[in-house]
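What follows draws every value from the coordinates through simple rules; no lab data is involved. The shown structure was predicted, so the numbers you read here are calculated from the model rather than taken from an experiment. Cβ sites come from the backbone with ideal geometry, for glycine too, and all protein chains shown count toward neighbours.
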Amino acid sequence: MKSKFMITCQEAARLLSDDLEYSLPISKRIYLKLHLGMCKGCKVYGEQIRALKKLLHDRSDQCKDQPLAEDSKLSDQAIERIKRVLDES
Amino acid sequence: MPSSASQSSENLVNPSQWVDLYGNYLFNFALGRVRNHTEAENLVQEAFVAALKSMESFQGKSSEKTWLTGILKHKIMDHYRKSYREQPVSDLQGNVDRTNDLFDDNQKMKQQPGGWLPNPKELLEKKEFWAVFQGCQHKLPKAAGDAFILKEVEKLDSKVICETLGITKSNYWVLMHRARLLLRQCLEENWFNLENKL
């Protein structure tokens, strides 16, 4: 029988994400803490999504606006077309 | 004797060189936001045209590249607004939510997370990691991926993100949750689990 205070891992994952977005209300905070105390998987999940958030922020600080990947190139046709449009503008 | 007071913006910008100097950079930037090559090309073109028209407003306080990037960002945001007006986010109710596949009947995660944590010192400089990251980002459901990038990379306020995507705060939280679930899973499978085998 599910106790009122037991949340599932799916619910915990959602709360862990919400925790990165706003201040959880006390009741949800308690449910989450109880669950994390008993569920290593969710505890690790929470640490990982928090760390990924921080990693992206560190990256933004270090190389703002740097594309994540830079090996794509405009096609020759696109380059020609854009140059033509600029000449005509 | 040339007067510094009369230095016009024409001395600061070189439109004839823009495509060669910045084309690929801007293209890659746009690809990080719109995934589709044709859309990205069009956005780069729109940005160049807009820049040409507003050359006088360029004061040289930032570099040409930064200025052009700013214009491209505006075009990208306009593009988002238009595309989400035309095709509103549809799968918010979770009927086609891929994240349900990650949980079993007891709502427990099918695959327990491996014991890894991203190491910024190691990863920030690693191009291979960011290529994998972008691959994972591109596999996210469209709205979830867009919301996530606008928040975590572009660092926009959630209110602005909601207005742009035409969604409520509540929808936004659902999308961020989905993005995190799927992105973490993808990175685990395609990077962190493989590291030990290299």
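With unit charges on the beta carbons (Lys and Arg positive, Asp and Glu negative) and the dipole taken about the Cα centre of the protein assembly as shown, which residue among B:32, A:48, B:190 sits farthest to the positive side?
A:48
Suppose a student asked you for the relative contact order of chain A, using Cα pairs under 8 Å spaced at least 6 residues apart; what percent would you report? All intermediate terms of the calculation are to be shown ahead of the outcome.
Working: 27 pairs, mean separation 22.7, N = 89.
Averaging sequence separation for qualifying contacts and normalising by length gives 26 percent for chain A.
Net charge near residue B:34, counting Lys/Arg +1 and Asp/Glu -1 over other residues with Cβ under 14 Å of its Cβ?
Working: positive: B:33, B:35, B:73, B:75, B:81, B:82, B:142; negative: B:39, B:41, B:46, B:78, B:146, B:154.
Net charge in that neighbourhood comes out at +1.
If only Cα atoms are counted, what is the Rg of the range A:19-70, and what is its Dmax, in Å?
In order Rg, Dmax, the Cα atoms of the range A:19-70 give 15.1, 45 Å.
Past the 20 angstrom mark, what percentage of all C-alpha to C-alpha distances in chain B do you count?
On the way: 12682 of 19503 pairs.
Result for the distance tail: 65 percent.
Compute the FRET efficiency between residue A:21 and residue B:17 as 1/(1 + (r/R0)^6), taking r as their Cβ-Cβ distance and R0 = 30 Å, and round to the nearest 0.05. Working shown, then result.
Numbers: r = 43 Å, r/R0 = 1.43.
My answer for the efficiency is 0.10.
Zone of residue B:50 (label point 7 Å along Cα→Cβ, backbone N under 13 Å): which residues in the range B:15-34?
Residues B:30 fall inside that zone.
How do A:29, B:35 line up, fewest other C-beta atoms within 10 Å first?
Details: A:29 13, B:35 17.
The most exposed by this proxy come first: A:29, B:35.
My understanding is that a pair violates if its Cα-Cα distance is over 28 Å; which of A:64/B:139; A:40/A:64; A:64/B:142 do that in this structure? Provide the component values of the computation, followed by the final result.
Numbers: A:64/B:139 23 Å; A:40/A:64 35 Å; A:64/B:142 23 Å.
In this structure, A:40/A:64 lie more than 28 Å apart at Cα.
Quick check on the protein assembly as shown: take the gyration tensor over C-alpha atoms, sort the square-rooted eigenvalues as a ≥ b ≥ c, and tell me if it's rounded (a/c under 1.5), prolate or oblate. Mind dumping the intermediate values first?
Values: a/c = 2.34, a/b = 2.12, b/c = 1.10.
Judged from the Cα gyration tensor, the protein assembly as shown comes out prolate (a/c at least 1.5, a/b above b/c).
At R0 = 51 Å, how high is the FRET efficiency between residue B:121 and residue B:168 if r is their beta carbon distance? Nearest 0.05 is fine.
On the way: r = 39 Å, r/R0 = 0.76.
Calculated transfer efficiency: 0.85.
With an 8 Å Cα cut-off and a minimum separation of 6 or more residues, compute the relative contact order for chain B in percent. If you can, show how the numbers build up before the last one.
Working: 126 pairs, mean separation 41.2, N = 198.
Dividing the mean separation by the residue count of chain B yields 21 percent.
Given the alpha-carbon gyration tensor of the range B:91-188, what are the semi-axes of its equivalent ellipsoid in whole angstrom, ordered largest first, with each equal to the square root of 5 times an eigenvalue? Spell out each step's value before the answer.
Details: eigenvalues 104, 85, 23 Å².
They are 23, 21, 11 Å, listed largest first.
In nm², what is the average projected area of the convex hull enclosing the Cα atoms of chain A?
Details: hull surface 43.1 nm².
Hull-based average projected area comes out at 10.8 nm².
Can you pull the one-decimal nm distance between simple spin-label points at residue B:190 and residue B:61, each 7 Å off the Cα toward Cβ?
3.9 nm
Going by how many other Cβ atoms sit within 10 Å of their own, how do B:65, A:83 line up, fewest first?
Working: B:65 14, A:83 18.
Ranking B:65, A:83 by Cβ neighbours within 10 Å, fewest first, gives B:65, A:83.
Using θ = phi - 60° and the Karplus form 6.51 cos²θ - 1.76 cosθ + 1.60, what ³J(HN,Hα) does each residue of the range B:170-178 get, whole Hz, x for Gly and Pro?
Rounded to whole hertz, the list is 4, 4, 4, 5, 4, 5, 5, 4, 4.
Evaluate the charge dipole of chain A about its Cα centre and quote only its size in Debye, nearest 20, assuming +1 on the Cβ of each Lys and Arg and -1 on the Cβ of each Asp and Glu. Show your work: numbers first, answer last.
Numbers: 17 positive and 14 negative charges, 178 e Å.
That gives chain A a dipole magnitude of about 860 debye.
Where does chain A land at 222 nm, in deg cm²/dmol rounded to the nearest 500, when only DSSP H runs of n ≥ 4 count, each adding -39500 (n - 2.57), divided by all residues?
-21500 deg cm²/dmol
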